[in-house]
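Colleague: Okay, handing you the structure first.
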Amino acid sequence: VMLVWQASDLKLGLLTAGGFLLALGGSALVAWLVLRALQWLRPNGLLQRIAGAGGIAAWRFAQASLRRRPAASTLQIVALALGLMALLLLTVVREDLLSAWRQATPPDAPNHFMINIQPEQREPISATLQQAGIRDAVLYPMIRGRLVQVDGRNVGPESYAEERAQRLVEREFNLSTMAALPPQNSIVEGSWFDGSRRAEASVEQGLAKTLGLRLGDSLRFDVAGVPVGATVTSIRKLDWSSMRVNFFVILSPSAAQALPGTWITAFHLPASNRQLVNTLMRDYPNLTIVDVGSMVAQVQQVIGQVVGAVEFLFLFTLAAGVMVLAAAMLVSQQERMHEAGLLRALGATRMQLSQAQWLECVLVGACAGMLAATGASLVGWVLARQVFEFDWVFSPSLWLAGMAIGIACALAGGWAGLRNVLSRPPILTLREG
């Protein structure tokens, strides 16, 4: 209920709550299966010689204790796993996502965009950039136009149910025109302009999907009061990670003749040549130069600060998992004291029972850590491939970190819940029994 309330969006809140419930159910199922599989784990060979008879007995006592209380053991594992998964997702996986993002962006990717270049300024600005050693600055025409018709139907925000589609048709598009297919663009449907005099349009595939555009659709744009029509002859896929100039819609030269517009370019400016921006702004006051590199660095800094605050809050979630583990052991404390008294009366040593308690905590923590690391890795993979669209590499260190933290937390909770179990003399337990 709090998730739905704080999200201020019923769909988003229900999706988030559903994700937590799915993680809860999946973790509980895996934890239960692990507990069932414990009966098949037997130390043998080298492990028997290392552990000795006392160590083997402690292992069996720990296995039996976990299997005897499947509900409590599952609750301990799940509570610890969910809190730890949130922390791993915010720390290790976040760093992996940022690293993958940086690797997906070329090192020489443009970090400055220059817009509002007037037609008469195109050649002198291009020459200035060339003299400064910037060879990758390609100037493209940019035309501002609003989509007003699709196949003869007037379109507006009311024509679409999706919010993004409404925003797109409500504002002007940045159109362009060129004869050759630009770099970092590939045709996925149809074919590029054939050089004829007919008016053609190439549409980015994401925009085509959002607005329901298909090959053969007739589009009409309003460009500063001038109607411009074109037929969709190709659908393009763009490499957005290239940081190059990209356009949702490109018109053939025959469709954009004599249309009013400006020029735009993007280039990589080394830190040692930042004076060039001041020179361009002084000589051409109408230019707008956007320092994307500084903006990205500032956004990363803000994200780091926000995530740091959220990590601090999720420490309380992890602490709650430790408290659940300790509480579950406290609830069974009387039963555990009775069992320990009987086992000691039957010949078990205090050392064996103490080892069994710590082994029980280690098994719970290791299982919770594995579940947390697996869940965090799956979420990271989905975010990388489905949301950010770049490659994701699974890191074995995530599982090692998850198991280490899980074991440490389980030992802390076990100490709080079991420290008094072996302090009572066995004779008192037998008398009460």
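The values are calculated or read from the model by the stated rules, or taken from the named source; none is laboratory data. Given the structure is predicted, the values throughout are model-derived calculations rather than measurements. FYI the Cβ positions are ideal-geometry reconstructions off the backbone, even for glycines, and counts take in every protein chain you see. Remember, those area values only see protein heavy atoms, side chains included, never the ligands or the DNA or RNA. Shrake-Rupley method; radii C 1.70, N 1.55, O 1.52, S 1.80 Å.
Colleague: Can you give the accessible area per residue of the chain, in Å², using a 1.4 Å probe?
Modeller: 54
Colleague: Further question: Report, as a whole number in µm² per second, the diffusion coefficient that Stokes-Einstein gives for segment 84-218 at 25 °C and 0.890 mPa s using the Kirkwood radius over alpha carbon pairs.
Modeller: 128
Colleague: While we're on this one: For the pair residue 32 and residue 335, how long in nm is the line joining their label points, each one 7 Å along Cα→Cβ?
Modeller: 1.7
Colleague: I need the fraction of alpha carbon pairs in segment 143-211 separated by more than 13 Å, rounded to a whole percent.
Modeller: Numbers: 1691 of 2346 pairs.
Looking at segment 143-211, the distances longer than 13 Å represent 72 percent of pairs.
Colleague: Hey, what do the phi angles of segment 351-363 turn into as Karplus ³J(HN,Hα) couplings, whole Hz, using 6.51/-1.76/1.60 and θ = phi - 60°, x for Gly and Pro?
Modeller: For segment 351-363, the Karplus-derived couplings read 5, 4, 5, 5, 4, 4, 4, 5, 5, 4, 5, 5, 4 Hz, x marking Gly and Pro.
Colleague: With each pseudo-label sitting 7 Å past Cα toward Cβ, what's the residue 218-residue 159 distance in nm, one decimal?
Modeller: 1.3
Colleague: Based on the inverse mean of 1/r over its pairs of different Cα atoms, what is the Kirkwood hydrodynamic radius of the chain, in Å?
Modeller: 27.1
Colleague: Based on DSSP H runs of at least 4 residues, each adding -39500 (n - 2.57), what is the mean residue ellipticity at 222 nm of the chain after dividing by all its residues, to the nearest 500 deg cm²/dmol?
Modeller: Values: 14 runs with 237 residues, N = 433.
Using -39500 (n - 2.57) per qualifying helix, the result is -18500 deg cm²/dmol.
Colleague: Reported to two decimal places, what Rg/Rh ratio describes segment 319-366 when computed on Cα atoms with Rh from the Kirkwood expression?
Modeller: For segment 319-366, the value is 1.03.
Colleague: Need one number: the % of Cα-Cα pairs in segment 140-298 sitting beyond the 19 Å mark.
Modeller: Percentage above 19 Å: 59.
Colleague: Using Cα pairs closer than 8 Å and at least 6 residues apart in sequence, work out the relative contact order for the chain, in percent. Numbers along the way, then the final one.
Modeller: On the way: 620 pairs, mean separation 105.2, N = 433.
About 24 percent, as a whole number.
Colleague: Give me the dipole magnitude in Debye, nearest 20, for the chain about the Cα centre, with unit charges on the beta carbon: positive for Lys and Arg, negative for Asp and Glu.
Modeller: Working: 35 positive and 29 negative charges, 379 e Å.
It comes to approximately 1820 debye.
Colleague: Counting Lys +1, Arg +1, Asp -1, Glu -1, what net charge surrounds residue 222 among other residues with beta carbon under 14 Å of its beta carbon?
Modeller: +2
Colleague: In degrees, nearest 10, range 0 to 90: what is the angle between the Cα axis of helix 292-331 and the longest Cα principal axis of the chain?
Modeller: 20
Colleague: Along its three principal axes, how long is segment 249-386 when you only count alpha carbons? Whole Å, largest extent first please.
Modeller: Per principal axis, max minus min of the Cα coordinates gives 98, 38, 23 Å.
Colleague: Turning to a different aspect of this structure: Shape call for segment 201-268 from the C-alpha gyration tensor, a ≥ b ≥ c root eigenvalues: rounded (a/c under 1.5), prolate (a/b greater than b/c) or oblate? Mind showing how you got there, number by number?
Modeller: Numbers: a/c = 2.20, a/b = 1.12, b/c = 1.97.
Taking the square roots of the gyration eigenvalues as a ≥ b ≥ c, segment 201-268 is oblate.
Colleague: Pop out the carbon and sulfur fraction of the accessible area of the chain as a percent, whole number, probe 1.4 Å.
Modeller: The value for the chain is 62 percent carbon and sulfur by accessible area.
Colleague: Next question, about the same structure. Using 19 Å as the cut-off for backbone N distance, which residues of segment 243-268 belong to the label zone defined by a point 7 Å from the Cα of residue 179 along Cα→Cβ?
Modeller: 250-259, by backbone N distance to the label point.
Colleague: A follow-up question, please. Hey, what do the phi angles of segment 192-208 turn into as Karplus ³J(HN,Hα) couplings, whole Hz, using 6.51/-1.76/1.60 and θ = phi - 60°, x for Gly and Pro?
Modeller: In residue order, the calculated couplings are 5, 3, 8, x, 6, 8, 6, 7, 10, 9, 10, 10, 5, 5, x, 5, 4 Hz.
Colleague: Same structure, new question: Rounding to the nearest 20 debye, state how big the charge dipole of segment 194-283 is about its Cα centre with +1 on each Lys and Arg Cβ and -1 on each Asp and Glu Cβ.
Modeller: 120
Colleague: How large is the accessible surface of residue 415 in square angstrom, using a 1.4 angstrom probe and rounding to the nearest 10?
Modeller: 140
Colleague: With equal scatterers on the alpha carbons only and no solvent term, can you work out the Debye log10 of I(q)/I(0) for segment 324-433 at 0.22 1/Å?
Modeller: -1.08
Colleague: Can I ask one more? Mind pulling the angle between the C-alpha long axis of helix 122-131 and the longest principal axis of the chain? Nearest 10 degrees, somewhere in 0 to 90.
Modeller: 60
Colleague: Points 7 angstrom from Cα along the Cβ direction at residue 350 and residue 239: gap in nanometres?
Modeller: Output for this residue pair reads 7.0 nm.
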